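Here's the structure we're looking at; comments come further down.
The values are calculated or read from the model by the stated rules, or taken from the named source; none is laboratory data. Keep in mind it's a predicted model, so treat the numbers as computed, not measured. Glycine also receives a Cβ, built like all others from the backbone with ideal geometry; neighbour counts cover every protein chain displayed. Heads up: the accessible areas ignore ligands, DNA and RNA and are worked out on the full protein's heavy atoms, side chains in. Shrake-Rupley method; radii C 1.70, N 1.55, O 1.52, S 1.80 Å.
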Amino acid sequence: MNDDLFVEMEYRQYTKHGQAACGDDVQLQTLENENRSLAVLSDGLGSGIKALVLANMTTTMALNFLRTNLDLLQSVEIIMDSLPVCEVRKISYAAFSMVDLRLGGTTRIAEMGNPRYIHLRGDWEVPDLQCKTMISQHWPDREVECHELKMEPGDRLIVCSDGITQAGLGTEKNEYRFGWKRSGELAFAQDQIRNDPDISARDLAGAIAGRALEISGYHCSDDITCLVVYVRHPRILRILTGPPFYKDHDAEFARQASLGEDHTVICGGTTANILSREFKRQVEFDLKLCRTAGDLPPPAVLPGIGLVTEGILTLTRICDNLDRGSFDELPLAARVIVEKMMNHDRIEFIVGTRVNEAHQDPMLARELELRSGTVRRIAAALENRFRKKIRINYY
């Protein structure tokens, strides 16, 4: 059963007004062989670069300690002993939340200073199985809350910095002048899930952080960070590109486009022609999209099968932008594919290996790569930067 579950971990941040860097930090890691997903969110003392340094030191150490199963209290003491002392306040401090999610087992959460996590099953808040408070002899003024809970398919964890719960604090003539509070965050998250029971971790984190920003009057008085962890069955996107090496494999190749229109992308005119012939359907174009398509051909649709785009040029643009982590200036067709990638968990590439003779033309741009190399680079970026599960099959 665990093999058919995916843990989506995504977060959204906004930086305190007037600061060059966010003083909150998040680090995430998946340990496939252990069915574990690790997440750490830290809020550094103060704001700006100094706070980020404290938060980053905390998340880096905490993630290493979680991964190696170091005793929790010992981990906290090492973190607190290692942090530099603030010259103004004469203390070293960074609030944190540590999540060690084990599919099929007990999930453990340790919190110090951050608002208490939220565990939702549907729109119902789930109480934890066990909670205890630990106090370090080295740091008697620091209490660590340790929780144990059971995560089931469909469950969500919401972890945030106090920039979320204190949003609106101190504003006059405002219902949130005492802060949004955890209760407000909880009610908002429940409403979002009622409106969209399948809302992704990415969208829910964005909605919660965005609401906190709105409550703050779009003028953050503190760094805002919301992390959402969502356990569910994986959403699969299948991308077909390039004709098979042997023509008599066309029918088998076309049968890979079986996930439905919302979960299939066809990259390349030759690939689209093969599927059009095998399924006896015509590609449909919307000429209105030409105005907003940018410098790549606009996307089309093979009805009931999937999205259709140009091939190697589109994939190359996607590859370059995934490497940079920037998608704002992508042409329409590439942007639509990237959005689909971000909204799915497992990306399966079905790659035909017949060389398109047009790509051997020396007049083409030097950076134009062969299809298989581009796909491998996209797969590496999705896996390393965006924690997607990748599968590549060649025909």
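Counting 0.36 nm for each residue step from E175 to D123 and taking away their Cα separation leaves a gain of 16.3 nm.
Once backbone amide H atoms are built at 1.01 Å from N, G352 has T241, G242, Y395 as its partners under 5 Å, excluding neighbours fewer than 5 places away on the same chain. Hey, if you drop one equal point scatterer on each alpha-carbon of the range 239-395 and run the Debye formula without solvent, what base-10 log of I(q)/I(0) do you get at q = 0.12, 0.19 Å⁻¹? Log-scaled intensity ratios, in q order: -0.48, -1.29. The listed residues F285, F65 rank as F285, F65 when sorted by accessible area, largest first, using a 1.4 Å probe. The apolar share of the surface of the range 67-197, taken as the fraction of accessible area on carbon and sulfur atoms (1.4 Å probe, ligands and nucleic acids excluded), comes to 49 percent.
In plain terms, the C-alpha convex hull of the range 1-117 casts an average shadow of 7.9 nm² when viewed from every direction.
Give me the net charge for the shell around A381: Cβ to Cβ below 12 angstrom, other residues only, Lys and Arg +1, Asp and Glu -1. My count for the surroundings of A381 gives +3. Every Cα-Cα pair in the range 212-282 was counted, and those over 17 Å apart are 58% of them. A convex hull fitted to the Cα coordinates of the range 129-261 yields 214 cubic angstrom per residue.
Between the beta carbons of A380 and R291, assuming R0 = 41 Å, the FRET efficiency works out to 0.75 to the nearest 0.05. Shown for the range 282-346: the carbon plus sulfur share of the solvent-accessible area, taken with all protein chains present and a 1.4 angstrom probe, equals 52%.
Along its first, second and third principal axes, ordered by size, the range 30-85 spans 37, 21, 10 Å in Cα coordinates. Working note: Karplus 6.51/-1.76/1.60 with θ = phi - 60° gives the range 231-240 the couplings 9, 7, 6, x, 9, 9, 10, 10, 10, 9 Hz, where Gly and Pro are set to x.
Calculate, in whole percent, how much of the Cα-Cα pair population of the chain lies beyond 26 Å. Cα-Cα pairs in the chain separated by more than 26 Å: 59 percent. From the alpha carbon centroid of the range 195-246 to that of the range 282-353 is 19 Å. The gain in end-to-end length when the T106 to Q190 segment is fully stretched comes to 27.8 nm, 0.36 nm per residue minus the alpha carbon separation.
Of all the options A293, A333, A39, the one that moves most in a Gaussian network model of the chain with Cα springs shorter than 10 angstrom is A293.
Against the compact-protein benchmark of 2.2 N^0.38 Å, the Cα-based radius of gyration of the range 133-181 scales to 1.71.
Indicate the gyration tensor shape class of the range 106-202 (rounded, prolate or oblate), computed on the Cα atoms with a ≥ b ≥ c the square roots of the eigenvalues: a/c under 1.5 is rounded; otherwise a/b larger than b/c is prolate and the rest oblate. Cα axes put the range 106-202 in the oblate bin. Here, the range 165-224 is characterised by an Rg to Rh ratio of 1.00, where Rg is the alpha-carbon radius of gyration and Rh the Kirkwood radius. For Q130 and V301 in one chain, what is 0.36 nm times their gap in residues minus the Cα-Cα distance, to one decimal in nm? Length gained, Q130 through V301: 56.4 nm. For the range 256-337, the calculated P(r) over all alpha carbon pairs, in 10 Å bins from 0 to the bin holding the longest distance, is 19, 49, 28, 4 percent. Note on R281 and T353: with the Förster distance fixed at 25 Å, the Cβ-Cβ geometry gives a FRET efficiency of about 0.50. With protein chains left intact and a 1.4 Å probe, residues in the chain average 48 Å² of accessible area per residue.
By a 1.4 Å probe calculation restricted to protein chains, T316 has an accessible surface near 10 Å², given to the nearest 10.
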